[in-house]
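Every read-out reported here was derived from the displayed coordinates using simple, explicitly stated rules and does not represent laboratory data. Everything quoted here is computed from the prediction, not taken from an experiment. A quick note on method: Cβ atoms are made from the backbone with ideal geometry, for glycine too, and the neighbour counts reach across all protein chains shown.
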Amino acid sequence: MRQLLAAMLSMLLLAVAGALGAAAAAEPSSAVGAAQAPSPPQEKPPVPKGEWLDPDKSEPAGTHYRTFTSKIVGGEVSYLVYLPPDYNSNSTRRYPVVYWLHGFGGNQRAGAVFVKPLDAAIRTGKAPAMIAVLVNGIAASFYCDSPNGKQPVDSVITKELVPHVDQTYRTLAARETRAVEGFSMGGYGAAHLGFKHPDLFGLVSILSGALTDSVEWGPLKEPQGGRRKMMLSAEKAYFEANDLATVIRKNADAIRGKTKVRMAVGSEDSLLPNNQALHEFLTQLKIDHDFEVVPGAPHNPAVVYRTLGDRAPAWYLQAWPGKAP
């Protein structure tokens, strides 16, 4: 009997050991040096395709979806507009305007990160009452006219959107009361539009600018470096009309002492060196400007605006002190 029980126990142990061995063979090995299937090569994400007419008509708090007819593109172009709290109740008052530019791959709705603290600051008297226009930058334009002419974003903004806004809303239609501000690609766009068109914009606010064009801004890796390659291979006339350093040098006398400039960039932002380079470039040209490194902030508009707090919209009080509510 004992021999029978011993035999049965031995067979049971062998069966359990076999089952455990089969299960182990079925699991992928985590041992060092274990063979693994090669990872497929990662493809570069496609450049976002923007549309002149944003199909998403949602309106972030405080904004209104609007369009205008563009003769340049032959169709409708969308934007969002923020009107200050007393706009409807004070029918004779006119307001300064800030044009806010979104980043790469973004859209006009990204301006909600700007409008929310702006509205709060206006209501508490910490910022001047102003109209804000959230511009449609068609995702990846850098707010320049494209070399092939298919995306004339600069021209649409400066030749059509600005006149449309002045004709449609109660603006103070002068360069001294017209500002351009943006984040990342929008920061680059603010510099491009503001310095290229000093007759239109008297205030330029560059936040975490994706400053990628000029060799003055230092080395760049992909994908930022792709725009610089395009610029360096562009025709001479296009390069000189759009290269940021060239534009600033050309218009330095029209900017110096006449345009208020603010720069801010996070201490943890990979584009910090490029923004510092522009800061030094403006200093060399004796163009007065504010420059701030935002402690602890990465390349993230929500973090930058939150860290700056009321100081972000209050900067406009320097230029428009009598425009506070």
Next item on the list: Output the peptides 228-237, 153-162, 68-77, 243-252 sorted from most to least packed, where packing is the average of other Cβ atoms within 10 Å over each peptide's residues.
Entry: 153-162, 243-252, 68-77, 228-237
Check: If amide H atoms are built 1.01 Å from N in the plane of the peptide, which residues on other chains or at least 5 residues away come under 5 Å of the amide H of Val294?
Finding: Val265, Gly266, Ser267
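Taking 8 Å as the Cα distance limit and 6 or more residues as the minimum spacing, I'd like the relative contact order of segment 63-318 as a percentage. Don't skip to the end; give the middle numbers.
Details: 489 pairs, mean separation 44.5, N = 256.
Relative CO of segment 63-318 lands at 17 percent.
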Next item on the list: Using the structure shown, list the pairs from Lys71/Lys159; Lys236/Lys258; Lys260/Lys286 with a Cα-Cα distance above 19 Å, or answer none.
Entry: Lys236/Lys258
Notebook entry, point to check: So who's got an amide H within less than 5 Å of the one on Thr171, skipping anything under 5 residues away but keeping other chains? H placed 1.01 Å off N, in plane.
Noted result: Tyr95
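Could you order the peptides 95-104, 57-66 from most to least packed, using the average number of other C-beta atoms within 10 Å per residue? Please list the in-between numbers first.
Values: 95-104: 25.1, 57-66: 15.2.
The most tightly packed comes first, giving 95-104, 57-66.
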Checklist line | Listed peptides 282-289, 314-321 by packing density, highest first (mean Cβ within 10 Å) | finding: 314-321, 282-289
Check: If each of Glu59 and Arg93 carries a label point 7 Å out from its Cα toward its Cβ, how far apart are those two points in nm?
Finding: 2.0
Item checked: Among Thr307, Val113, Val162 the positive-end extreme of the charge dipole of segment 63-318 (Cβ point charges) -> Val162
Notebook entry, point to check: Using modelled backbone amide H atoms (1.01 Å from N, in-plane), which distant-in-sequence or interchain residues come within less than 5 Å of Asp145's amide H?
Noted result: Val153, Asp154, Ser155
Check: In whole Hz, what ³J(HN,Hα) sequence does segment 160-171 give by Karplus (6.51, -1.76, 1.60; θ = phi - 60°), x for Gly and Pro?
Finding: 10, 5, 4, x, 4, 5, 5, 7, 9, 10, 7, 9
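Find out how many positive minus negative residues lie around Ala254, taking Lys and Arg as positive, Asp and Glu as negative, among other residues whose Cβ is under 12 Å from that of Ala254. Present the calculation step by step, with values, prior to reporting the outcome.
On the way: positive: Arg175, Lys196, Arg249, Lys250, Arg256, Lys258; negative: Asp199, Asp253.
Local net charge: +4.
Taking the Cα centre as origin and putting +1 on Lys and Arg beta-carbons and -1 on Asp and Glu beta-carbons, what dipole magnitude results for segment 63-318, to the nearest 20 debye?
Working: 28 positive and 24 negative charges, 90 e Å.
Computed about the Cα centre, the dipole is about 440 debye.
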Next item on the list: Starting at the first residue of segment 111-125, write each ³J(HN,Hα) from the Karplus equation 6.51 cos²θ - 1.76 cosθ + 1.60 with θ = phi - 60°, in whole Hz, x for Gly and Pro.
Entry: x, 4, 5, 8, 5, 4, x, 5, 4, 4, 5, 5, 5, 9, x
Checklist line | 3J(HN,Hα) from dihedral phi, segment 129-136, Karplus parametrisation 6.51/-1.76/1.60, rounded to Hz, x for glycine, proline | finding: 5, 8, 8, 10, 10, 8, 7, 8
